[in-house]
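Reviewing the structure listed below.
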Amino acid sequence: MIDRRKATQLGTGRNWGIWPVLGLILAAVLVPTACVLWFMTAAMGNERLAVREKLTQAYTSRLIEAQQQIDQFWDRRADELSMLPGEGPGEVFARLAGSDLADSFVVLDEKGRIAYPNAGAVVPAEPATTSAPSSSPATAPAAELADLLAEAAEEEFSRSSPEQAAELYARVADRASDHHVAARALIAQARCLVKARKRDKAIGLLAEALEQPRFRHVLDAQGRLVIASARLMALELMGRDDPRFAPAVKRLVDQLNDYRDLSMPAGQRMFLMTRLAELAPDTRWPTLQAELRGREMSRGLSDFKDPPTVTRLISGYGGPQRPEARIEYLRSSLLSSDRRVWGLYAGQRVIDELETLLNRAPAGADASCRIINSVVARPELGKPLLRAEASRKHMSDWYVAIFLSGPDPFGAAAEKQNAAYLWTGIMAIAFIAVMAVILASYLGRQMRLTRLKNDLIATVSHELKTPLASMRVLVDTVREGRCTDPKQASEYFDLIARENERLSRLIDNFLTFSRMERDKRAFDFAAVDVGEVVRSATGSVRERFASPQSQLSVEVQPDLPGIQADRDAIETVILNLLDNAWKYSGDSKAVAVRASAADGSVLIEVSDNGLGMSRRAVRRVFDRFYQVDQTLSRKAGGCGLGLAIVKFILDAHGGTIDVESQPGQGSTFTVRLPAATKEDYRRGTEAQRQ
Ligand code: ADP
């Protein structure tokens, strides 16, 4: 029966009533917190943007300035690369090669074709007599010379008789009217003399016979200037110790360094220079570097066939593609203002020259300008702050970029600002949280009090109404003289007295509870004889157990130790427990009160054979206003405060209370109070007597 009964409490919505308020408080915390967080994030983002904006503004002018510097630099360079009036192509090259205006140069003619480095010999116009057939009687017809040459070649290569061959070549040279044939025959003769180990004779031939003015512009079958080859050959044969060596070297060096004369192809000039630099290491070659670089660099660039149109830096790349693109494969060329000279540049040189130019200003301390080609990206530099085309006029496939170097002052400012935002945010959130906790506890307390008040008022009014109403009916009956039988009148008075007693108990409980709520219950501690209190309490309820089915047994252990307690409060405890035992038992009641001592405590047990309680109910019976079955409690005249008061009193006395109960099996409430030591007890009783 009891199991099916629903455990309820007085007052409505006691458990869930707090949740909406908690929800509101939570919202009151979460919404401002979210706002603060949002504000912080937005502020920090804005700060970063603002710093970026500031930096961009600060460095944009620097970037524009850099572009102007680059434009001016190439304008000036284009002017400097121009030809001087009256200068020949070779002379321009030689002059510029010593100027360091570029790594190398290509000189053009008026029509935009390459004039230097010249692929073939450029022979100045000479009087027709030089190449006209000689009037010498020794001249022979071409066919005869061809036969002689064939014979000489056979002697030289097939029969391996160089002396014979040398003689035959000498005859050809002697008789040939064509300077080319004669010169080539002389060279062949010298070669054969060398083979025949007639070195001196060969040197004489090369140094004298071939030095004749008529051979000055003679070219060999490969288009090379014969006299220059002959001079090198003579030097190679002489050796350094030969007294003729030094003048011969000088003669050839002068010839090679003379850029007015382009009768020698540039390739041959470069070859001879290189070879001569090996033979005579002391010689100076101011143009050799430019010659060598020119040959190497023009490979990566355009072939300069089309006539040039604009004076801009044209870049060419001939290495591996991204991402391994390497700067050493990048070449650039700049056309001079007069469109006659291409200056050739290695990519690295372009970068170095411009970066030196741009970072010379003292303003470059916190940031540096870098030059980047669109093909060779230079990822090692990282992310630039700003980037723009290096120059609209001259360098369309290059960028100039600004990189911040060292600690970025604006970034540090932004960090500081952000830290300030962060701390303000954290403080604001902490403040909101603390306020919320204070508010929640205050509201919780207020709500609990309000609910208690409501419950109390509801209970008081309800509980007082019933006994008052029944008393009024009984009093009215007697007063109006409707009750004539004195026995019945006496029964009525008994009933009124019982109702009165119930009323007093209720009011006592309410008052105790009210005091308890205000924590103003002042207990009057004194030495208490538990046996006496038990007997007094049971004595005052004995009348209720007067019916034959009711039984109240009291058992007090002799020599029970005393306790330090408020006597009336302990009596209230026992009375409340006895009242419950009576109320929640059936018609046949068997209630036992036992007082005993154990382990330094005094135990007071109140057991009944009543309805008992479920485990769940046992856990909650000490809660205020808790009633297992409200209807039954109301009928029995309870308000759910009795056990809460018992618990409160015992807590104040350092005691405990346990319940053992099973539905339908009755209940046993065990109160445990600390026993007073004999000394305490003696002092307590003496104090009472005084
Ligand atoms: P009440 O004034 O309603 O009796 P109490 O605080 O004294 O309030 O008890 C709380 C509830 O515990 C009671 O409503 C009742 O349901 C249950 N209870 C208390 N004592 C007993 C008991 N001896 N046997 C069965 N149930 C009990």
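Of note:
- Think of a 1.4 Å ball rolled over the protein heavy atoms: the range 489-636 then has 49 Å² of accessible area per residue.
- Placing pseudo-labels 7 Å out from each Cα toward the beta carbon at residue 438 and residue 387 gives an inter-label distance of 5.5 nm.
- Carbon + sulfur, % of accessible area of the range 142-264 - ligands and nucleic acids excluded, 1.4 Å: 50
- Cross-link table 465/647; 647/678; 54/416; 54/383; 487/589, entries beyond 24 Å C-alpha to C-alpha: 465/647; 647/678; 487/589
- Taking Cα atoms only, the orientation of helix 266-279 departs from the longest principal axis of the chain by about 90 degrees.
- Cα convex hull, the range 521-658: 112 Å³ per residue, rounded to a whole number.
- Longest DSSP-loop-exposure-free segment, GluC sites (Glu not before Pro), the chain, at most 12 other Cβ within 10 Å: 481-690
- The amide H of residue 662, built 1.01 Å from its N in the peptide plane, has 613 as neighbours under 5 Å, considering only residues 5 or more places off or on other chains.
- Å² per residue, accessible surface of the range 188-296 at 1.4 Å: 49
- Selected from 582, 662, 218, residue furthest toward positive end of dipole (the chain; charges at beta carbon): 582
- Couplings 3J(HN,Hα) for the range 48-56, derived from phi with the Karplus relation 6.51 cos²θ - 1.76 cosθ + 1.60 (θ = phi - 60°), are 4, 4, 4, 5, 4, 4, 4, 4, 4 Hz, where x marks Gly and Pro.
- What separates the Cα centres of the range 198-264 and the range 555-603 is a distance of 143 Å.
- Amide H contacts of residue 263 (H built 1.01 Å from N, under 5 Å, at least 5 apart or other chain): 122
- Rounded to the nearest 20 debye, the dipole size of the chain about its Cα centre is 2180 debye, using +1 on the Cβ of Lys and Arg and -1 on the Cβ of Asp and Glu.
- P(r) weight above 46 Å for the chain, C-alpha pairs, percent: 61
- Rough spin-label spacing in nm, given labels placed 7 Å along Cα→Cβ, for residue 46 and residue 352: 5.0
- Net +/- balance of residues flanking residue 501 in space, Cβ distance below 10 Å, scoring K and R +1, D and E -1: +2
- Whole-Hz ³J(HN,Hα) from phi, Karplus 6.51 cos²θ - 1.76 cosθ + 1.60, for the range 283-297, glycine and proline x: 5, 9, 10, x, 9, 4, 4, 5, 4, 5, 5, x, 5, 5, 7
- Dipole in debye (nearest 20) - the range 142-264, about Cα centre, beta carbon charges: Lys, Arg +1; Asp, Glu -1: 420
- Between the listed residues 330, 42, 681, the Cα displaced farthest toward the positive end of the dipole of the chain, a dipole computed from Cβ unit charges relative to the Cα centre, is found at 681.
- By the helix-only formula, in which each DSSP H run with n ≥ 4 contributes -39500 (n - 2.57) and the sum is divided by residues, the chain has a 222 nm mean residue ellipticity of -17500 deg cm²/dmol.
- Efficiency of FRET between residue 465 and residue 508 - r from beta-carbon atoms, R0 22 angstrom, step 0.05: 0.80
- Positive-end extreme of charge dipole, the chain - chosen from 165, 412, 318 (charges on Cβ): 412
- Overall, the range 203-287 carries a charge dipole of about 220 debye about its Cα centre when +1 sits on the Cβ of Lys and Arg and -1 on the Cβ of Asp and Glu, all other atoms neutral.
- Per-residue SASA entry for residue 668, accessible area with 1.4 Å probe, Å² rounded to 10: 40
- Residues with amide H under 5 Å from that of residue 562, placed H, sequence gap 5 or more: 676
- The HN-Hα couplings worked out from phi for the range 218-225 by the Karplus form 6.51 cos²θ - 1.76 cosθ + 1.60 (θ = phi - 60°) are 6, 10, 8, 4, 8, x, 8, 6 Hz, whole numbers, x standing for Gly and Pro.
- Mean separation of Cα contacts under 8 Å (6+ apart) over length of the chain, as relative contact order %: 14
- Subtracting the Cα-Cα distance of residue 554 and residue 21 from 0.36 nm times their residue separation leaves 186.8 nm of extension gain.
- The range 645-680 residues near the modelled residue 597 label - backbone nitrogen below 15 Å, point 7 Å along Cα→Cβ: 673-680
- Added length on full extension, which subtracts the Cα-Cα distance from 0.36 nm per residue, residue 79 to residue 53: 5.5 nm
- Whole-angstrom Cα spans of the range 37-116 along principal axes, big to small: 76, 23, 18
The values are calculated or read from the model by the stated rules, or taken from the named source; none is laboratory data. Everything quoted here is computed from the prediction, not taken from an experiment. Every residue, glycine among them, receives a Cβ derived from its backbone with ideal geometry; neighbour counts consider all protein chains shown. Only protein heavy atoms, including side chains, enter the accessible area calculation; ligands, DNA and RNA are left aside. Shrake-Rupley method; radii C 1.70, N 1.55, O 1.52, S 1.80 Å.
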